[in-house]
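Comments concern the structure below.
The values are calculated or read from the model by the stated rules, or taken from the named source; none is laboratory data. A quick note: this is a predicted structure, and the numbers were derived from the prediction, not measured. Note that each Cβ is placed from the backbone with ideal geometry, even for glycine, and that neighbours are counted across all protein chains shown.
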Amino acid sequence: MVNLFKRMRKLKTILDIRTGTGAAIFPNPTSATKEFPPVTRLHLTYARKIYNGHQGARHFWRNCLPRLKYHNPGVRMTVQQTDDQTAPPALTIYFAERLSSTASAIVGTKKITDKHAPAAESGEKTAVVDLKDLNYKEIWSRVQASTGAEEVPASAEDEAERKRLEAITAKAGKDRERISTMRQAKKDQERMLAEARGEVEKMKEL
Amino acid sequence: MSSYGTVLPTAARGILSSCRPSLREKSIAPAFSVFQQVRGAKSNPQARGKGKKETKTDKKGPREFRQKSLKDMEQFALCDAMRYLRAVEVGREVTTSKYEVHIRLRTRRDGPVIRNMIRFPHAVQTESRICVICPPGSKQAKDALAAGAVLVGEDEVFEAVKAGKIEFDRCLAHPDSLPALNKAALGRILGPRGLMPSVKTGTVVDDVASRVEMLRGGTVYRERDAVIRLPIGQLGFSPEQLRDNLRTTIDQIKKDASGLNDRVNKEIYEVVLSSTHGPGFSLNGEFKTDNSPETSALTGL
């Protein structure tokens, strides 16, 4: 099994799941207001390659979706990766009963449809957001604006932890540099000695 | 070249230098000397032998697998670990992502290992296709088919395999058809896939039908370097389902460990829950904490 300390270090990455862009709670049936109805599902569709503006959608999946899933474990989230580079990447948000008041403004006038998204169940209303050429932070701000998701601020311990990890990373960079100069110096020394020895041999042969 | 190098300086240098232009000889000489020097330094037989002996004595490590203290390891309740793993696996295909469990044992480096098969209360594999090699038309063939084997027969199976059509995940054989199987020389094809039936792995059995039944819901596991790893659930499982599977696994492993040998002492040291793409979460044995979400929220996609 992997070394215990390596595993412990790796496990620190769950800090990135708890905090960061997209760490927010969607309105659920108890916290929903008239303006922002509860979110029941999310579906993301994007193409395999990044050209035609599919990069941000994938980054959104990589960065934001795990955080959203962590803070909203009950909200189902699906992702479909396609080979169709021409279709725009799309995020379908499923609202219970009605759309939120801001959703239509975010979706805009250019309506797109996502044929990979699962059909809305009875009582669900969907808003399809076009993600083409948006980076994942822009996508997140749109999602947040349209759903009224409430950001979860990082706790004091998490902040301290992040600072500690950052300090470790910075120290690692410095150490790496220090060790590489030491190794290089040793190598240079050896090469110089070998060259000198070669010179002596040459002299002897002559 | 090397034999020339050793012979040349003593015997033939004089001749060489006399019959070749001096310019050429100058360029060759240092090359020879450097070559010889390096060779001497590296391949001194005495020095080499000494080094080897030393490493050999050093290599004798501890008798037991060293298991570090879990004092500093952060441990999780099952529901909390599931919450993180489900977050990591978000958007993955449900059929490919699975929960895995790694059970670390405190055990000696030598001696017998745990090796068995388990049947979970909630099946992990959705469907495992089983092929049974036995004389067609026999009672076993009928029983195997009734038990759910996909492919039953002798020659037709061999033909299909030779043609490259392997449409099964497990392969069993009846002892009666073992000679035919060996004659067909399928080891080349089935061996690397781990499908070749053999007595050692327990895939050559008399009672084919019951084995097929066991295999359909069963998972094979074995201990490697003091760890038993096995898939334990689909991503859509509820925490209760996963708990049931986990409990069954641990109970059976404990039973295996106690049934091995009186002198062999194996005990479970750590249980780690992981998933196909996720990190490993050391479990503390509790089901849920106050902060964990409802179990219904941790079910499904």
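Of the strands (runs of 3 or more DSSP E) entirely within the range B:222-301, those holding at least 1 residues that are over 23 Å from residue A:14 (Cα atoms), within 11 Å of chain A (Cβ to nearest Cβ) and touching a His at 6+ places or on another chain (Cβ under 8 Å) occupy B:227-234.
Any residue that is touching a residue at least 40 places away in the same chain (Cβ under 8 Å) and more than 13 Å from chain B (Cβ to nearest Cβ) - is there at least one of those in the range A:44-51?
yes
The residue list A:159, A:177, A:195 contains one member that is at pLDDT 90 or above, closer than 21 Å to residue A:71 by Cα and not assigned by TED's automatic domain parsing to the domain that holds residue A:72, which is A:159.
Restricting the range A:35-52 to residues that are aromatic (Phe, Trp, Tyr) and surrounded by fewer than 24 Cβ atoms within 10 Å (Cβ to Cβ) leaves a set whose member that is modelled with the lowest pLDDT is A:36. Take the conditions (1) more than 9 Å from every other protein chain (Cβ to nearest Cβ); (2) under 19 Å from residue A:4 (Cα atoms); (3) modelled with pLDDT of 85 or more; residue B:104 misses just one of them, which is (1). Looking at residue B:173, is it more than 10 Å from chain A (Cβ to nearest Cβ) and at pLDDT below 70? So residue B:173 does not fit the description; no.
When A:122, A:155, A:100 are checked against the criterion of being in contact with a helix residue (DSSP H, G or I) (Cβ under 9 Å, 6 or more places away or on another chain) and without any contact (Cβ under 8 Å) to a residue 24 or more places away in the chain, A:155 stands alone in meeting it. Here the range A:63-74 is the region considered, the condition is being touching a residue at least 40 places away in the same chain (Cβ under 8 Å) and at the interface with chain B (Cβ under 9 Å from one of its Cβ atoms), and the residue that is nearest to residue A:111 (Cα to Cα) is A:65.
Kindly provide the set of residues from the range A:118-128 that are aliphatic (A, V, I, L, M), part of a loop (DSSP other than H, G, I, E, B) and closer than 22 Å to residue A:101 by Cβ, ordered by number.
The first filter runs over the range A:118-128 and keeps only residues aliphatic (A, V, I, L, M), leaving A:119-120, A:127-128.
Imposing the further condition that a residue be part of a loop (DSSP other than H, G, I, E, B) reduces the set to A:119-120.
Within the range A:118-128, A:120 is the sole residue that qualifies.
Residue selection: residue A:28 satisfies the criterion of being part of a loop (DSSP other than H, G, I, E, B), of a type outside the set (A, V, I, L, M), out of contact with any strand residue (DSSP E or B) (no Cβ under 7 Å at 6 or more places or on another chain) and within 11 Å of chain B (Cβ to nearest Cβ).
Answer yes or no as to whether residue B:107 is surrounded by fewer than 18 Cβ atoms within 10 Å (Cβ to Cβ), hydroxyl-bearing (Ser, Thr, Tyr) and in contact (Cβ under 8 Å) with a residue 60 or more places away in the chain. Give the derivation first.
Details: surrounded by fewer than 18 Cβ atoms within 10 Å (Cβ to Cβ): no; hydroxyl-bearing (Ser, Thr, Tyr): yes; in contact (Cβ under 8 Å) with a residue 60 or more places away in the chain: yes.
Judged against the criteria, residue B:107 is not a match.
Name the residues in the range A:148-162 that are in a helix (DSSP H, G or I) and either surrounded by 10 or more Cβ atoms within 10 Å (Cβ to Cβ) or aromatic (Phe, Trp, Tyr) (or both), would you? Once the filter is applied, which keeps residues that are in a helix (DSSP H, G or I) and either surrounded by 10 or more Cβ atoms within 10 Å (Cβ to Cβ) or aromatic (Phe, Trp, Tyr) (or both), the range A:148-162 yields A:158, A:159, A:160, A:161, A:162.
Considering the range B:242-266 alone, what residues qualify as being over 21 Å from the mean Cα position of the chain (by Cα), crowded, with 17+ Cβ neighbours inside 10 Å and among the polar types (S, T, N, Q)? Within the range B:242-266, B:245 is the sole residue that qualifies. Could we say that residue A:15 is among the aliphatic types (A, V, I, L, M), within 12 Å of chain B (Cβ to nearest Cβ) and buried (at least 21 other Cβ atoms within 10 Å of the Cβ) here? No. Checking each residue in the range A:75-113 for being within 14 Å of chain B (Cβ to nearest Cβ), aliphatic (A, V, I, L, M) and over 20 Å from residue A:56 (Cβ atoms) picks out only A:75. With the condition kept exactly as written, say whether any residue in the range B:77-90 is of a type in the set (D, E, K, R) and either without any contact (Cβ under 8 Å) to a residue 60 or more places away in the chain or part of a strand (DSSP E or B) (or both). Checking the range B:77-90: not a single residue is of a type in the set (D, E, K, R) and either without any contact (Cβ under 8 Å) to a residue 60 or more places away in the chain or part of a strand (DSSP E or B) (or both).
Quickly run through the range A:1-32 and pick out the residues that are over 27 Å from residue A:119 (Cβ atoms) and β-branched (Val, Ile, Thr). So that I can check it myself, show each step before the final result.
Here is the first cut: in the range A:1-32, the residues over 27 Å from residue A:119 (Cβ atoms) are A:1-21, A:23.
The answer is A:2, A:13, A:14, A:17, A:19, A:21.
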